[in-house]
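See structure below.
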Amino acid sequence: MNHVGIGYDVHALVAGRKLVLGGVELPHPKGLDGHSDADALMHAICDAVLGALGESDIGHFFPNTDPRWKGAPSRVFLEEAARQVTLRGGRLINVDATVVAQQPKIAPHLAAMKQNIATALGLEPRRVGIKATTNEHMGFIGREEGIAALAVASVELPE
Ligand code: MG
């Protein structure tokens, strides 16, 4: 049976933090605020994979009150989501995601992000889609107060 899941995440852009998206550190005067590395793209994909399993979200598996995940690279969250698929006797088919960011330009980093996400999930890079769009200067994303990401995942499960 094919199952699909959806994921969404958003983090605030603040001074004094690194900007990490898809496991890539992007040169930018601000970074995403959060308990882990605040990689909104990886978090959205993680929730999409967990959602396809009917599981609880990333916060259930990795509470932001747990000091183990402070500053953690979000790669470990994706690795755990992929492990959950395997535990259920399933197989990840593909993931697809969109980053919504006014600044900086994401496009030059898409290939590296795709490779990082594919590696963490044990997928071939061609099974990982990542796009980026601005928010046309509207709303909190348009004002560069935060960056959001949306994702879907498809998982084949025994039932
Ligand atoms: Mg998050």
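The values are calculated or read from the model by the stated rules, or taken from the named source; none is laboratory data. The structure displayed is predicted, hence computed values, not measured ones. FYI the Cβ positions are ideal-geometry reconstructions off the backbone, even for glycines, and counts take in every protein chain you see.
At least 1 residues that are within 13 Å of the ligand (Cβ to nearest atom) and modelled with pLDDT of 95 or more in each: list the helices (runs of 4 or more DSSP H) lying fully within the stretch 1-99 that qualify. Before you say what the answer is, go through the steps one by one.
Details: elements: 40-52, 58-61, 75-87.
Ranges flagged: 40-52, 75-87.
Going by the structure shown, is LEU92 in contact with a Cys (Cβ under 9 Å, 6 or more places away or on another chain) and touching a residue at least 40 places away in the same chain (Cβ under 8 Å)? Talk me through it step by step, then tell me what you get.
On the way: in contact with a Cys (Cβ under 9 Å, 6 or more places away or on another chain): no; touching a residue at least 40 places away in the same chain (Cβ under 8 Å): yes.
No; evaluated as a whole, the condition is false for this residue.
Cβ contacts < 7 Å: first residue touching a residue at least 60 places away in the same chain (Cβ under 8 Å) and over 21 Å from ALA148 (Cβ atoms), restricted to the stretch 38-65; second residue more than 9 Å from the ligand (Cβ to nearest atom) and in a helix (DSSP H, G or I), any location; separation 6+ or different chain. Result?
LEU53/GLN84; LEU53/VAL85
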